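Worksheet for the structure shown next.
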């Protein structure tokens, strides 16, 4: 037990020295479960994913169709506003940036913001410029396995920090919505669930923008 505690502290100090541990954060080897409300059920026969708003054409995919979209894998560090950080996590899913680059989603010129819409009316907002970066993903898998129900199965938004791309802005992990069902593209920002409850709208991990 003591050996594991000392090893965690040693790893944490190394990550801090490398500049990977943001201020106010602690290393965790676990993956804590945090969300508001119950875990929704999933029926692949009725599940769909929508894209609408400031796009040239609304889109809607069934679960089978969604899984035929181009897929990508990324490795990144994730940081929760409750002060835990988890490093070198591997995610697989659909990149919004890829969908836009390949013309699957065609944005209107004045589009500036994205609202993630999830089960039970939960929402999470991000600027379009972040949604179109490498560190935002519509994720179906974590470390090679389907995401568990507690962590957002079958689909969640994931936002993190990629070590070799220092210019990417990294918001806290709540800015990726669990049990995701659609993306609404907007010309003006619209606060998500936690932002309406008093959390910081930008949520930059390096500036400790936890609450407004």
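No value in this document is a laboratory result; all are computed from the given coordinates. Since the structure is predicted, the reported quantities are computational estimates derived from the model, not experimental observations. FYI the Cβ positions are ideal-geometry reconstructions off the backbone, even for glycines, and counts take in every protein chain you see.
Sorted ascending by nearby beta carbons within 10 Å, beginning with the fewest, 78, 162, 205 become 162, 78, 205.
To two decimal places, what compactness ratio does the range 57-212 give when its Cα radius of gyration is scaled by 2.2 N^0.38 Å?
Values: Rg = 14.6 Å, N = 156, 2.2 N^0.38 = 15.0 Å.
Scaled against compact globular proteins, the figure is 0.97.
Shape descriptor for the range 1-147: Rg over Rh equals 1.02 (Cα atoms; Rh from the Kirkwood inverse mean 1/r).
Extension gain, residue 164-residue 141: 0.36 nm per intervening residue step, less the Cα-Cα distance, totals 6.1 nm. Mean residue ellipticity at 222 nm, helices only, the chain: -4000 deg cm²/dmol; runs of at least 4 DSSP H residues each add -39,500 (n - 2.57), and the sum is divided by the number of residues.
Take every Cα pair under 8 Å whose residues are at least 6 apart in sequence, average their separation, divide by the length of the chain, and the relative contact order is 22 percent.
If each residue's Cβ is checked for other Cβ atoms within 10 Å, how do 153, 120 rank with the fewest at the top?
On the way: 153 18, 120 11.
Ascending number of Cβ neighbours within 10 Å: 120, 153.
Between 0 and 90 degrees, the angle of helix 2-17 with respect to the longest Cα principal axis of the chain falls at about 70 degrees. Calculate the length of the line joining the C-alpha centroid of the range 160-210 to that of the range 50-128, in whole Å. What the calculation gives is 12 Å, centre to centre.
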